[in-house]
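Below is one structure, written out as structure tokens, with a few remarks after it.
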Amino acid sequence: MYYIKRLYILIFVLYITSCSEEKKPITETVKTEEPAKELSAVEPYLPQAVGQKVFQRHCLTCHSSRYIEMQPNFPEKTWQKIIDKMVKNFGAPIPDSSVKVIVKYLTDIKGTRSKE
Amino acid sequence: MKKISLYYIIYLLCITSCSSNEQKPDEETKPMKKDIMVKADGKGDMILLTDRPANLETPLWYFRYDYTPNDVFFVRWHLANMPSQIDSNEYRLKVNGHVNRSISLSLTDLKTKFKHYHITALAACAGNARSHFDPQVPGGQWKNGAMGNAKWTGVKLKDILMMAGVKNGAFEVAFNGMDEPPLESVPDFVKSLKIDHAMDGEVMVAYEMNDKPLPLLNGYPLKLVVPGWYATYWVGMLNEIKVYNDTFKGYWMKKAYLVPKGIINGDEKHDKLAKDLVPISKMDVRSIFVNPEPNTILKAHQNCELEGLAFDGGDGISKVEISMNDGKTWQATNLNPELGKYAWRRWKYNWKPNAAGKYTLKVKATNTQGETQPPHQWNRSGYMRNEIETLTIIVE
């Protein structure tokens, strides 16, 4: 009986050190130190730079700034294309002068030469 | 006897064990962005893409289940104005346009007046794995978690259309959900299918996934299921089906979700973009690694069971091959039984690395039509990713 018990312990130890068991505790899968936030409490962060206010005024009606935060860095011409699409395809009411400011802001914080 | 079976269990555990789950960053590859985990109403912990509208990714680990649990099934919305709750008694699905009689169906109607239908199918976002494209492209920066496999229960679209009576000359059927644009100038998210596809007896309106009502963020109470086609067509919170006697001209069919015409995996060159574009449709053939995860450290001379998934647009996966030497030689993996022709297929491979070092593993699938995966694939929108997947493993 004692022998069987030892075997079960051995099985248990092998089980918890195995990487391909069928059902690993879910907590192990989350590779972040912080616990998950409520989605409604998410506060996307974009660095301050010239044009941030203009960006906020014109872009955040339809989506949060997380749409920018998630993107890789792009060259200015890519950001220009993205804003043009927002204006032409989605009718974002952004005056031409503000388009320039927004493109510059996005290139500053998420440009290919930015360290962000 | 009992002793023997216990030894057998120990043996099985040993051969399936990979020594370590430890991970360390790979200095030679670009730094991986740390995942931000969030919990939305009715959902479990998921990877945040965006908060408004909500776009959430399934952590890779869950792909070790045949069926992706509802509470971590990926979430993808285009338009931020959507109901935060839905009264199931008041909900109606309208069917109108080029039909003999417009109808309005309650959820009870759908559950009691029609024959129930089930299908197991993979829902995969057109832009799944967009973050892997090189050069990088704008859009939702998904890793591999913008997909999930589920059993869908509901009603055949054909049966719904037959109740309304499709008139002669019907050409396309358009599908709209309750999500709405925050600005009037933003086109409402409406998708369409050709009438023959809509009537094929496989496209369905689902009210359950994995035998439970859909979570709100997955399109409760009704979702269009288009087996084998990208999930952009799987309209959630579906409340209007409209039949057209000519081409449907909505933005999301004519301007968005377009891929190079006649190219099976939507490939194009970034210095020579395709001129003819068509709406995205059937899924191409693809395979991924699920376990171990990238940069896992394994021990030499120990068995590790590698596993992953393969899928296509419904022709069926015929083989999945794996390479341990950056594609120089390939070995066949073992395929699990089919879960359905539109479901993903699980593959496994028992690997015992003989020496320490860094290994570049690759996996590629081939389907029954002989279609396979290329060493490189790219397009401007980051759709239909099916480049051969690479996994870096360190063996100590």
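Since every read-out is calculated from the coordinates, none of them should be taken as a lab result. Note that the structure is a prediction, hence the values are computed from the model and not measured. Cβ: placed from backbone, ideal geometry, glycine included. Neighbour counts: every protein chain shown.
Numbers below:
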{"item": "Inter-chain shielding of B:167-175 (mean C-beta neighbours from other protein chains, 10 Å cut-off)", "result": "0"}
{"item": "Volume of the Cα convex hull of chain B, divided per residue and given in Å³", "result": "169"}
{"item": "Share of alpha-carbon pairs per 5 Å distance bin for the stretch B:75-168, given as whole %", "result": "2, 10, 14, 13, 16, 17, 12, 8, 6, 2, 0"}
{"item": "Whole-Å distance, taken between Cα centres, linking the stretch B:205-229 and the stretch B:43-66", "result": "16"}
{"item": "Diffusion constant of the protein assembly as shown at 20 °C, which comes from Stokes-Einstein with the Kirkwood Cα-pair radius and 1.002 mPa s, µm²/s", "result": "87"}
{"item": "For residue B:97, distant residues with modelled amide H under 5 Å away", "result": "B:243"}
{"item": "Protection-proxy order for peptides B:306-315, B:195-204, B:263-272, each taking the mean of Cβ atoms within 10 Å per residue, highest first", "result": "B:306-315, B:195-204, B:263-272"}
{"item": "Spatial separation of Cα centroids for the stretch B:107-147 and the stretch B:347-396, in angstrom", "result": "22"}
{"item": "Counting all C-alpha pairs of the stretch B:75-256, share separated by more than 29 Å (%)", "result": "18"}
{"item": "Once the Cα gyration tensor of the stretch B:286-395 is diagonalised, semi-axes √(5λ) in Å", "result": "24, 16, 11"}
{"item": "Average beta-carbon neighbours from other chains, 10 Å sphere, peptide B:51-57", "result": "5"}
{"item": "Between 0 and 90°, nearest 10: helix B:2-15 axis offset from chain B longest Cα axis", "result": "80"}
{"item": "Cβ neighbours within 10 Å from other chains - mean over B:346-354", "result": "0"}
{"item": "Quotient of Cα Rg and 2.2 N^0.38 Å for the stretch A:48-110, N being how many residues it contains", "result": "0.99"}
